[in-house]
Amino acid sequence: MPDWVQTAWSEYARRFPRGFSLELREIPLLKRSRNADIDSLRTREGEALLKRAPSGFRIIALDELGKQWSTAELAGEMERWMREEHGVCFLVGGPDGLSQQCRQQAHQVWSLGRLTLAHPMVRTLLAEQLYRAWTITQNHPYHRA
């Protein structure tokens, strides 16, 4: 990832209070060749993602076919997660998307929109929107509707 992505992620992660951590867990991207079996790669990456998901956490799969939330709706979801859950894990697929298994095992499937976004943009957008939603739950002035 380019430095600006790590800088953005770190900045938003730093803004959360103690006890509310934003942690990034990456899996290595599997090597793709011209004749690669994309379904097999997607399945293997999905298995690796699910293995890295912390036990007992709510799993949210990011997928273009998921439900789109406004920022206010995301804040409402976050309030519910904070009341009911031990933690939340967001799954972001590789260049070929998430496996069917990831979508099936997810508690929710969320779409950031109908646009196709580069992975660095998804990571940055996710961190910013989670921070923005959290500020809404705290009546913090960061979000101005």
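The values are calculated or read from the model by the stated rules, or taken from the named source; none is laboratory data. Being a predicted model, the structure only gives us computed values, none of them experimental. Positions of Cβ are backbone-derived with ideal geometry, glycine not excepted, and every protein chain shown enters the neighbour counts.
Note on region 133-142: residues that are surrounded by fewer than 17 Cβ atoms within 10 Å (Cβ to Cβ) and either touching a Ser or Thr at 6+ places or on another chain (Cβ under 7 Å) or in contact (Cβ under 8 Å) with a residue 24 or more places away in the chain (or both) total 2.
Taking residue 36, is it more than 23 Å from residue 107 (Cβ to Cβ), outside any loop (DSSP other than H, G, I, E, B) and of a type outside the set (Val, Ile, Thr)? Outline the logic, then answer.
Working: more than 23 Å from residue 107 (Cβ to Cβ): yes; outside any loop (DSSP other than H, G, I, E, B): no; of a type outside the set (Val, Ile, Thr): yes.
When the stated conditions are applied, residue 36 does not pass them.
Here region 107-131 is the region considered, the condition is being without any contact (Cβ under 8 Å) to a residue 60 or more places away in the chain and touching a Lys or Arg at 6+ places or on another chain (Cβ under 9 Å), and the residue that is farthest from residue 142 (Cα to Cα) is 107. So which residues in region 57-68 are within 24 Å of residue 25 (Cβ to Cβ), surrounded by fewer than 18 Cβ atoms within 10 Å (Cβ to Cβ) and either at pLDDT 95 or above or not acidic (Asp, Glu) (or both), if there are any at all? If the condition is that a residue be within 24 Å of residue 25 (Cβ to Cβ), surrounded by fewer than 18 Cβ atoms within 10 Å (Cβ to Cβ) and either at pLDDT 95 or above or not acidic (Asp, Glu) (or both), then 57, 65, 66, 67 are the ones that fit.
Between 42, 114, the distinction of being in a loop (DSSP other than H, G, I, E, B) and among the charged types (D, E, K, R) belongs to 114 only. Only residues that are in contact with a Cys (Cβ under 7 Å, 6 or more places away or on another chain) and assigned to a loop (DSSP other than H, G, I, E, B) were counted in region 47-91, giving 3. The requirement of being over 18 Å from residue 133 (Cα atoms) and buried (at least 17 other Cβ atoms within 10 Å of the Cβ) is satisfied by residue 46.
So is residue 21 farther than 15 Å from residue 94 by Cβ and polar (S, T, N, Q) or not?
Spelling it out, residue 21 is indeed farther than 15 Å from residue 94 by Cβ and polar (S, T, N, Q).
With the requirement that a residue be closer than 19 Å to residue 64 by Cα, among the hydroxyl-bearing types (Ser, Thr, Tyr) and buried (at least 19 other Cβ atoms within 10 Å of the Cβ), what does region 116-132 give you?
Within region 116-132, just 124 meets the criteria.
Filtered by the rule that a residue be in contact (Cβ under 8 Å) with a residue 40 or more places away in the chain and among the basic types (Lys, Arg), region 72-106 gives a lone residue, 103. Looking across region 102-115, the residues that are farther than 19 Å from residue 39 by Cα and exposed (fewer than 13 other Cβ atoms within 10 Å of the Cβ) come down to 113, 114, 115. Filtered by the rule that a residue be under 13 Å from residue 123 (Cα atoms) and among the polar types (S, T, N, Q), region 1-33 gives 6, 7, 10. Residues that are in contact (Cβ under 8 Å) with a residue 24 or more places away in the chain and loosely packed, with under 13 Cβ neighbours inside 10 Å: does region 10-17 have at least one? There is no residue in region 10-17 that is in contact (Cβ under 8 Å) with a residue 24 or more places away in the chain and loosely packed, with under 13 Cβ neighbours inside 10 Å.
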